[in-house]
Amino acid sequence: MRTPLVMGNWKLYGTKDSITALIKGIKEAANTTTNVDVVVCPPAIFIDHVANNINGSRIELGAQDISTNVSGAFTGETSPLMAKEFGAKYSLVGHSECRQHHNDTNAVVAAKFVCAQANGLIPVLCIGETPEERETDKTFSVLEAQLKAVIDVAGIEAFENAVIAYEPIWAIGTGKVATSEQAQEVHAHIRAWLKPQNPSVAQKVQILYGGSVKANNAIELFAQKDIDGGLVGGAALIVEEFIGIIEAAK
Ligand code: PEP
């Protein structure tokens, strides 16, 4: 009942030529795998180029990060309204690399979530624990705090039109994928934690897994009851891998 969603996060990679080739390569799989929603999140400077290349296909566009502001003296930032004008439907918020490198606190992430939604984008809230937090049994409390920071500001109903991506930091870009049992345990916990706040949201919200997803581990991950697809970094830049991941989600 939840539509599977596969999102490619291209991070700071690509040239006009490589992106053109990548989209050409994944277009057919996205068009024929009609029960899976497919989204690509290019570097902001390529949003218009990607919008032109995906035109007429089932591929949707997402921003990797957005500002807490729509316009103003905020050098270097991407406005959600501008991203939307160029065809973006989604925006990641709170990716661990933004939390780490740009010092995005839970409060900043909540403000980005609200600004994205207020300007017509579907926020994809990324949450995840560090290796130390997992080793010291803090995974659930860290994730709950990350979710609560957004719910306190946006309200639980905001998740009627948002996506959650569970991305354990120790699995991002490391090749160290969570086992399907580890990932399912966390996804089930997130849904169970949301349920008393709003059972319908808990049931409907898509929860993606991210962290070294590849074509060869996606089938088992996506077969888990509470895993509704993936947020994919490295493998999203390789045509055959990304096609395999899209097909694993159907
Ligand atoms: C990501 O960038 O969100 C990610 C999960 O990266 P990777 O798939 O490379 O681990």
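Data table
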read-out	value
Heavy-atom accessible area per residue - the chain, 1.4 Å, Å²	44
Modelled FRET efficiency - R0 30 Å, Trp193 with Asn55, Cβ distances, 0.05 increments	0.15
Expected 222 nm ellipticity per residue - DSSP helices of 4 or more, -39500 (n - 2.57), all of the chain, to 500	-13000 deg cm²/dmol
Trypsin sites (Lys or Arg not before Pro) restricted to DSSP loop in the stretch 86-148 with at most 16 other C-beta within 10 Å	Lys138
Within a Gaussian network of the chain (alpha carbon springs, distance under 10 Å), most fluctuating of Ala29, Ala178, Ala73	Ala73
Positive-end extreme of charge dipole, the chain - chosen from Ile246, Gln64, Ala110 (charges on Cβ)	Ile246
Residues of the stretch 152-179 with amide N under 20 Å of the 7 Å Cα→Cβ point at Val142	164-179
Dipole magnitude of the chain about its Cα centre (Cβ charges: Lys, Arg +1; Asp, Glu -1), debye to nearest 20	440
Glu220-Lys176 FRET efficiency (beta carbon distance; Förster radius 22 Å; 0.05 resolution)	0.90
Computed lengthening from Ile45 to Glu85, 0.36 nm per intervening residue step minus Cα-Cα distance	13.0 nm
Most fluctuating residue given options His187, His49, His101, as computed from a GNM of the chain linking Cα atoms under 10 Å	His101
Carbon and sulfur %, accessible surface of the chain computed with the full protein complex present, 1.4 Å	53
Modelled FRET efficiency - R0 25 Å, His101 with Glu28, Cβ distances, 0.05 increments	0.10
Summed side-chain charge close to Ile127 - residues other than Ile127 whose Cβ falls under 11 Å, Lys, Arg +1, Asp, Glu -1	-1
Whichever lysines have a C-alpha closer than 29 Å to that of Lys89, once near sequence neighbours (fewer than 8 apart) are set aside	Lys11, Lys16, Lys24, Lys27, Lys112, Lys148, Lys195, Lys204, Lys214, Lys225, Lys250
Hz values of 3J(HN,Hα) by residue in the stretch 54-71 - Karplus curve (6.51, -1.76, 1.60), Gly and Pro given as x	8, 3, x, 10, 7, 6, 9, 10, x, 8, 7, 6, 9, 6, 7, 10, 7, 7
Sequence of Lys214, Lys225 from largest to smallest accessible area, 1.4 Å probe	Lys225, Lys214
Electrostatic dipole magnitude of the stretch 82-136 [Cβ: Lys, Arg +1; Asp, Glu -1; Cα centre; debye, to 20]	360
Residue among Pro42, His101, Leu194 farthest towards the positive dipole end of the chain, charges placed on Cβ	Pro42
Candidates Pro196, Pro123, Pro168, ranked by Gaussian network fluctuation over the chain, Cα under 10 Å, top entry	Pro196
Amide proton proximity set for Gly8, modelled H, under 5 Å, gap of 5+	Val39, Val40, Cys41, Val232
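The values are calculated or read from the model by the stated rules, or taken from the named source; none is laboratory data. Values in this document were obtained by computation on a predicted structure and should not be read as measured data. Every residue, glycine among them, receives a Cβ derived from its backbone with ideal geometry; neighbour counts consider all protein chains shown. Accessible surface is based on the protein model in full, side chains and every heavy atom, while ligands, DNA and RNA are left aside. Shrake-Rupley method; radii C 1.70, N 1.55, O 1.52, S 1.80 Å.
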